[in-house]
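Every number here is computed from the coordinates shown, using simple stated rules; none is lab data. Just so we're clear, the structure is a prediction, and the values are computed from it rather than from any experiment. Backbone-built Cβ (ideal geometry, glycine too); neighbour counts: all protein chains shown.
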Amino acid sequence: MDFISDIDRKDIKDISVIQAELLKETVFYLYKNSPFYRKKIARIPSIKCIEDISGLSITTKEDLQIDNWGFLCVPKNNLSEIVATTGTTGAHVFIGLAKKDMDRLAENEKRCFSYTGATPDDLFLLSITMDNLFIAGMAYYSGLQRLGAGVIRMGPHTPKRQLELIHSLKPTGIVAVPSFIIAIYKQAEKDRIDLKKSSLKKIVLIGEAIRNADFSSNTLGKMVEKLSTAESYSTYGITEAQVAFCECQCHKGLHSHPDLVYAEILDDAGNTVKDGEIGELVVTTFQIEGMPLLRYRTGDMTFKISDRCDCGRTSARIGPIIGRKAQKLKIKGTTVYPKAIENILLEIDGVENYVIEAYTGDDQADHVIVKVGSLKTQDSRLKTQDLKDAVCENIKAKIRVTPQIEIMLPQEVEKILYEGGRRKPMTFVDRRGKS
Ligand SMILES: [Zn+2]
């Protein structure tokens, strides 16, 4: 089968039939070519419909870490690119892409950009990393090329340099992580440049969710929207699956590309949950030659929407990522993800930085301490107790839990953020199960 560019507007039943065919094809291909899956698949299962996928075994990140090259289905010298996961947990995983996989990656992103209304007339500033084995920069670049749009391959250089290029080259769109967009706009404010009058019409945001579960903009999303008149689009990519889900102009979830990926949402026991119910996102890749994946656990929590979108597309969507499965906290019976607490902290005046620590209490239950770094309490513009109360009340009002709050100096919080010589700050420190 080849890429089906109009698949997202086909009848839902027809999509299911196509996906069942693609699944059959993938399972057979893996059985024949992947040393890892050859061991896992004792005999080719009978697949009559896409739902039969639930009978197949799960693949985990650990599997990839332990037997990384056992997943490879083509000779190594046939690979066009090797990328790696960022490795937030455990060892890096390498993903090899064959030539056709590069086409698939470009097709995926071309569709994502076209969902934002982008056309060959657009010119995008790519303000994300293009090297260091990252897949995203390359994916967006090739997607824009396939669409026929123009690209300014900038990378995450200083906000000042981005502003210079926005001024001189007049791009119509920009691709960046939300926090970097905010940094660019803050620099513009400092330099008295009114970006609302700039050429930018579209902001494609990667890496962090900008919507709440009801699709309204979260704190990060609101910050971006407040700064700009350009329209923001959220995307969510999975390196291992060489795929991205993306928002259309309705902003009601992230569309999948049915001929490239199949998404399932599973509960803790591994059962499929109903549409709209939160569970772990598990993906199966279609039409990959290098390292296809069967039912890969992403570790990300979200929900699925199978109905037709207001934009008319019938491709299944996922909601925003609400947190990592491993970071799920159960506080007095309420399920909370650190991301939800972070979103609240971002909004509170006087909060310079923060770290959320979880530990197991004497009662064997999860407990949380939110350590807030603030300078304002030092120069007595704000009383420590008032800030503490504000943090506590905001968290309680929004997620119905009352964590312990500590107000500290920003440099003290900084130390915890980089504990153990980390290169990237870790805003959630999980000390559960450790004494
Ligand atoms: Zn849509």
For Asn132, placing the label point 7 angstrom along Cα-to-beta-carbon and taking region 142-177, residues whose amide nitrogen sits under 18 Å are 153-162, 175-177
HN-Hα J couplings of region 141-147 from phi, Karplus 6.51/-1.76/1.60, θ = phi - 60°, integer Hz, Gly and Pro as x? 4, 5, x, 5, 4, 5, 6
Using θ = phi - 60° and Karplus 6.51 cos²θ - 1.76 cosθ + 1.60, couplings along region 43-56 (whole Hz; Gly, Pro as x): 8, 4, x, 7, 10, 9, 9, 5, 5, 4, 4, 5, x, 8
Cα-based shape type of region 328-431, given that a ≥ b ≥ c are square roots of the gyration tensor eigenvalues and the cut on a/c is 1.5: oblate
For region 397-413, take each phi angle, set θ = phi - 60°, evaluate the Karplus expression 6.51 cos²θ - 1.76 cosθ + 1.60, and give the result in whole Hz per residue in order, putting x for glycine and proline. 5, 8, 10, 6, 10, 10, x, 7, 10, 10, 9, 10, 7, x, 5, 6, 5
Please compute the length gained on full extension between Thr229 and Arg432, using 0.36 nm multiplied by the number of residues separating them and subtracting their Cα-Cα distance. 68.8 nm
Count neighbours as other Cβ atoms within 10 Å of each site's Cβ, and list the GluC sites (Glu not before Pro) in region 210-278 that are DSSP loop with at most 14 such neighbours. Glu277
Full-extension gain between Val17 and Glu277, please, as 0.36 nm times their residue separation minus the C-alpha to C-alpha distance. 91.1 nm
Note the full-extension length gain between His157 and Lys222 as 0.36 nm times their separation in residues minus their Cα-Cα distance, in nm to one decimal. 21.0 nm
The distance between the Cα centres of region 207-240 and region 348-427, in whole Å, is 24
How far apart, in nm, are two points set 7 Å out from the Cα along the Cα-to-Cβ line at Lys32 and at Gln385? 7.4
If a/c stays under 1.5 just call it rounded; otherwise compare a/b with b/c (prolate if a/b is bigger, oblate if not). Do that for region 1-102, with a ≥ b ≥ c from the square roots of the Cα gyration tensor eigenvalues. prolate
Length-normalised contact order of the chain in % [C-alpha pairs under 8 Å, at least 6 apart]: 13
In region 36-145, which chymotrypsin sites (Phe, Trp or Tyr not before Pro) fall in coil by DSSP and have 16 or fewer other Cβ atoms within 10 Å? Phe134
Cα gyration tensor category, rounded, prolate or oblate, for region 1-322 with a/c compared to 1.5: prolate
Ranking Val401, Val370 by Cβ neighbours within 10 Å, fewest first, what do you get? Val401, Val370
In the structure shown, of Lys32/Lys61; Lys160/Lys201; Lys39/Lys424; Lys304/Lys415, the pairs separated by more than 27 angstrom at the C-alpha atoms are Lys39/Lys424; Lys304/Lys415
Which cross-chain or sequence-distant (5 or more) residues have an amide H under 5 Å from the amide H of Lys10, H modelled 1.01 Å from N in plane? Thr314
